[in-house]
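Novice: Would you mind keeping the following structure in view while I ask a few things?
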Amino acid sequence: MGNAQKYDYTWLFGYESDLGVEGIEGTTIDFNEQPPTVSPITLGVSLNISNAMISDSSGNLLFYTDGCRVVGANHEVMENGEGINPGEVHDIQCGEDGLGYTAWLQSCAILPAPINDNVYFLLHKHIIYQYQPEFEVITDGLYYTMVDVSLNNGEGSVVEKNIPLISEPLTAGQLTTVKHANGRDWWIITGGRNNNMYYRLLLGPNGIEVLPAQMLGEASGDGGQACFSPDGKKYARFFTPDGLFLFDFDRETGYLSNFQKFEIPSESQRSGVSFSPNSRFLYACTRDTIYQYGLDNEDIESSRQVVAVYDGYQSLFNTTFFNAQLAPDCRIYINTFAAVDVLHVINNPDEAGMACNVEQHAIQLPFRHLRTLPFFPNYRLGPLVEGEDPPPPCQPVVSAQETARGNTPKAYLFPNPAPGYFKVAFDAAPLLPGQILLYNTLGRLAYEGLLAPGQREQRFEVQGLPPGLYFYAVSVGGQLWRSGKVVVSR
């Protein structure tokens with residue numbers, strides 16, 4: 001294989017373009033560009049809850065799936081690509097009026113074969129409808145489908161499909177993969193349904209082997225998100241009703257150990273989880289709050305910090321927090337459960353506390369998408385070598401604007417919503433004085449505060465302002481360093 005390993009460099013979102021509804025189209029984020037480019041694209045299918053995609057090792061899109069079929073880079077159904085996940089649910093959801101299979105998020109994953117550059121394994125969870133004693137959607141197994149992109153004059157062909165791997169009830173979604181310690185093979189891990197079972201599978205030169213399962217920790221329900229740390233040493237899964245689960249992982253054996261559980265209060269089941277590029281921090285998303293944990297801390301639970309609170313922004317629907325994914329540009333992208341046209345971003349996830357710089361609704365997409373954040377493993381993780389750090393999982397991108405600013409400190413405003421006060425903080429104390437300005441929705445100046453030089457953090461009282469949405473601007477030495485929206489609450 002090539003050295004680039006850019007299998008995750010093309011992200012797809014949105015709907016089949018033939019639906020004929022204004023504002024309903026496809027979108028791509030291309031990480032081959034620096035900074036990544038966001039642009040419209042004509043999709044062959046709508047990408048809903050079940051989805052996966054992969055590029056070649058140079059970052060060129062190869063194929064993707066909506067859980068119903070395999071679609072090639074030309075956005076046409078690949079040869080023999082129909083009929084993925086057959087059964088009643090497929091018949092209901094995969095017709096002309098369907099929006100794709102709904103086996104939950106992280107129910108599909110695509111891995112390159114260890115010794116054949118042209119062959120890829122699509123892993124996909126299968127669901128059934130149970131009608132008695134009450135209606136339930138049950139994940140009843142895991143399949144694989146094999147794609148050879150060299151066939152059909154280079155347009156690819158599905159050579160095997162719907163091959164059963166596990167035929168037992170599994171947790172919804174949370175299908176995760178990580179490189180074996182040899183840097184070539186792949187571990188595949190997924191949990192059992194409403195129990196503490198963890199199934200282990202290994203993709204090697206001879207295909208996929210199902211190994212003995214493991215029971216550890218506490219049971220987890222259907223939902224949430226799971227992921228491995230970029231260095232492959234940790235595994236986390238988070239579903240708010242059950243709490244945040246954290247394990248150590250052995251890349252040699254595929255076994256989990258050292259189970260830890262952290263309670264995170266939330267009234268919603270919307271939850272997401274991601275590790276920082278350096279594997280030192282763990283981020284957990286509830287519907288309205290993003291938390292950061294320091295994994296180097298002896299007491300990990302006590303290290304928890306709130307790094308973002310939902311600011312009330314709407315794009316037809318509330319743009320609250322949901323799932324998260326570390327991207328090739330070393331930023332963590334966060335989606336919303338509703339069909340909106342923005343993504344949130346953690347710009348500096350390797351930094352502690354507010355310096356991680358959560359930017360809400362930072363990425364404006366040309367069209368709405370239906371919670372179709374792609375999920376990728378760390379394709380660039382190499383073999384485990386004692387005493388050596390693993391290769392970086394991503395390449396940070398510095399924009400031309402950031403380059404021009406040099407070492408000028410970055411500004412942050414929190415908490416947001418502001419409960420009668422807010423703070424302005426810098427990652428380094430500014431040498432020049434500055435100011436914070438708040439404007440109401442009519443564009444009128446509503447508040448002005450002065451920022452003293454030499455201070456990293458200052459507090460401002462705004463109890464006298466009417467509750468509502470304001471636009472803020474932070475400037476230092478006459479230059480604008482941050483702007484955005486803040487909600488003032490009682």
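The values are calculated or read from the model by the stated rules, or taken from the named source; none is laboratory data. In this text, all values refer to a predicted model and were calculated from it rather than measured experimentally. Positions of Cβ are generated from backbone atoms using ideal geometry, with glycine treated the same way; all protein chains shown enter the neighbour counts.
Novice: Tell me yes or no: at least one residue of the range 259-267 is within 25 Å of residue 51 (Cα to Cα) and in contact (Cβ under 8 Å) with a residue 24 or more places away in the chain. Spell out how you get there, then give the answer.
Specialist: Initial filter on the range 259-267 (within 25 Å of residue 51 (Cα to Cα)): none.
No: zero hits.
Novice: Moving on. Pairs please, first residue from the range 337-352 and more than 25 Å from residue 393 (Cα to Cα), second anywhere and surrounded by 20 or more Cβ atoms within 10 Å (Cβ to Cβ) and of a type in the set (D, E, K, R), Cβ atoms under 8 Å, 6+ apart in sequence or on different chains.
Specialist: Once the first residue is more than 25 Å from residue 393 (Cα to Cα) and sits in the range 337-352, its partners that are surrounded by 20 or more Cβ atoms within 10 Å (Cβ to Cβ) and of a type in the set (D, E, K, R) give 337/270; 339/368; 340/368; 341/368.
Novice: Before we move on, is residue 151 out of contact with any helix residue (DSSP H, G or I) (no Cβ under 7 Å at 6 or more places or on another chain), surrounded by 15 or more Cβ atoms within 10 Å (Cβ to Cβ), within 18 Å of residue 87 (Cβ to Cβ) and not small (Gly, Ala, Ser)?
Specialist: Working: out of contact with any helix residue (DSSP H, G or I) (no Cβ under 7 Å at 6 or more places or on another chain): yes; surrounded by 15 or more Cβ atoms within 10 Å (Cβ to Cβ): yes; within 18 Å of residue 87 (Cβ to Cβ): no; not small (Gly, Ala, Ser): yes.
For residue 151, the condition - out of contact with any helix residue (DSSP H, G or I) (no Cβ under 7 Å at 6 or more places or on another chain), surrounded by 15 or more Cβ atoms within 10 Å (Cβ to Cβ), within 18 Å of residue 87 (Cβ to Cβ) and not small (Gly, Ala, Ser) - is not met.
Novice: So, one more: Here is a check on your reading of the model: is residue 138 farther than 27 Å from residue 380 by Cβ, in contact with a helix residue (DSSP H, G or I) (Cβ under 8 Å, 6 or more places away or on another chain) and either hydrophobic (A, V, I, L, M, F, W, C) or free of Cβ contacts under 8 Å to residues at least 24 places away in the same chain (or both)? Even if it seems obvious, please write down each step before you answer.
Specialist: Values: farther than 27 Å from residue 380 by Cβ: yes; in contact with a helix residue (DSSP H, G or I) (Cβ under 8 Å, 6 or more places away or on another chain): no; either hydrophobic (A, V, I, L, M, F, W, C) or free of Cβ contacts under 8 Å to residues at least 24 places away in the same chain (or both): yes.
Taking the combined requirement at face value, the residue does not satisfy it.
Novice: Does residue 172 satisfy the criteria of being of a type in the set (Gly, Ala, Ser), crowded, with 17+ Cβ neighbours inside 10 Å, part of a loop (DSSP other than H, G, I, E, B) and in contact (Cβ under 8 Å) with a residue 60 or more places away in the chain? Spell out the reasoning first.
Specialist: Working: of a type in the set (Gly, Ala, Ser): yes; crowded, with 17+ Cβ neighbours inside 10 Å: yes; part of a loop (DSSP other than H, G, I, E, B): yes; in contact (Cβ under 8 Å) with a residue 60 or more places away in the chain: yes.
Answer is yes for this residue.
Novice: Taking interchain pairs and intrachain pairs at least six residues apart, which have beta carbon atoms under 7 angstrom, with the first residue in the range 456-473 and more than 16 Å from residue 435 (Cβ to Cβ) and the second of a type in the set (Phe, Trp, Tyr) and surrounded by 15 or more Cβ atoms within 10 Å (Cβ to Cβ)?
Specialist: Listed by first residue and then by second, the contacts come to 456/426; 465/447.
Novice: Go through the range 376-469 and tell me which strands (runs of 3 or more DSSP E), entirely inside it, have 3 or more residues that are at pLDDT below 85. Steps first, answer last, please.
Specialist: Details: elements: 411-414, 421-426, 434-439, 445-451, 457-461.
Fully inside the range 376-469 and qualifying: 411-414.
Novice: List the pairs whose first member sits in the range 57-86 and is buried (at least 20 other Cβ atoms within 10 Å of the Cβ), whose second member is among the basic types (Lys, Arg) and assigned to a strand (DSSP E or B), and whose Cβ atoms are under 6 Å apart, counting only residues at least 6 apart or on separate chains?
Specialist: Correct list of pairs: empty, since none qualify.
Novice: Which is over 20 Å from the mean Cα position of the chain (by Cα), modelled with pLDDT under 95 and not hydroxyl-bearing (Ser, Thr, Tyr), of 265, 212? Show your work before the answer.
Specialist: Values: 212 fails: modelled with pLDDT under 95.
None of the other options fit; the residue is 265.
Novice: Another question, then. In the set 420, 478, 484, which member is more than 27 Å from residue 290 (Cα to Cα), outside the structural domain of residue 358 (by TED's automatic domain parsing) and not acidic (Asp, Glu)?
Specialist: None of the others qualify; the one that does is 478.
Novice: So, one more: Just to be sure before I move on: is residue 102 surrounded by fewer than 22 Cβ atoms within 10 Å (Cβ to Cβ) and closer than 23 Å to residue 177 by Cβ in the structure I sent? Break it down into steps so the answer makes sense when it comes.
Specialist: Details: surrounded by fewer than 22 Cβ atoms within 10 Å (Cβ to Cβ): yes; closer than 23 Å to residue 177 by Cβ: yes.
Here the answer is yes, as residue 102 does meet what is asked.
Novice: Looking at the range 333-360, which of its residues are crowded, with 24+ Cβ neighbours inside 10 Å and part of a strand (DSSP E or B)?
Specialist: 334, 343, 344, 346, 358
Novice: Can I ask one more? Tell me, please, whether a residue that is part of a loop (DSSP other than H, G, I, E, B) and either aromatic (Phe, Trp, Tyr) or farther than 21 Å from residue 15 by Cβ (or both) can be found in the range 365-372.
Specialist: Taking the range 365-372 as the starting set, the residues that turn out to be part of a loop (DSSP other than H, G, I, E, B) are 371-372.
If we keep only those that are either aromatic (Phe, Trp, Tyr) or farther than 21 Å from residue 15 by Cβ (or both) as well, we get none.
Within the range 365-372, none of the residues are part of a loop (DSSP other than H, G, I, E, B) and either aromatic (Phe, Trp, Tyr) or farther than 21 Å from residue 15 by Cβ (or both).
Novice: Considering only residues that are buried (at least 19 other Cβ atoms within 10 Å of the Cβ) and in a strand (DSSP E or B), which ones fall in the range 209-242?
Specialist: Matches in the range 209-242: 225, 226, 227, 228, 234, 235, 236, 237, 238, 239.
Novice: Mind listing whichever residues of the range 321-332 are within 27 Å of residue 468 (Cα to Cα) and surrounded by fewer than 24 Cβ atoms within 10 Å (Cβ to Cβ)?
Specialist: Within the range 321-332, just 322 meets the criteria.
Novice: Pairs please, first residue from the range 110-122 and without any contact (Cβ under 8 Å) to a residue 24 or more places away in the chain and on the phi > 0 side of the Ramachandran plot, second anywhere and surrounded by 21 or more Cβ atoms within 10 Å (Cβ to Cβ) and part of a strand (DSSP E or B), Cβ atoms under 6 Å, 6+ apart in sequence or on different chains.
Specialist: none
Novice: Could you say whether any residue in the range 128-137 is under 19 Å from residue 64 (Cβ atoms) and either in a loop (DSSP other than H, G, I, E, B) or among the basic types (Lys, Arg) (or both)?
Specialist: Keep residues of the range 128-137 that are under 19 Å from residue 64 (Cβ atoms), which gives none.
Within the range 128-137, not a single residue is under 19 Å from residue 64 (Cβ atoms) and either in a loop (DSSP other than H, G, I, E, B) or among the basic types (Lys, Arg) (or both).
Novice: Run down 460, 471 and say which single residue is surrounded by fewer than 16 Cβ atoms within 10 Å (Cβ to Cβ), outside the structural domain of residue 363 (by TED's automatic domain parsing) and among the aromatic types (Phe, Trp, Tyr). Steps first, please.
Specialist: On the way: 460 fails: surrounded by fewer than 16 Cβ atoms within 10 Å (Cβ to Cβ).
From the options 460, 471, the qualifying one is 471.
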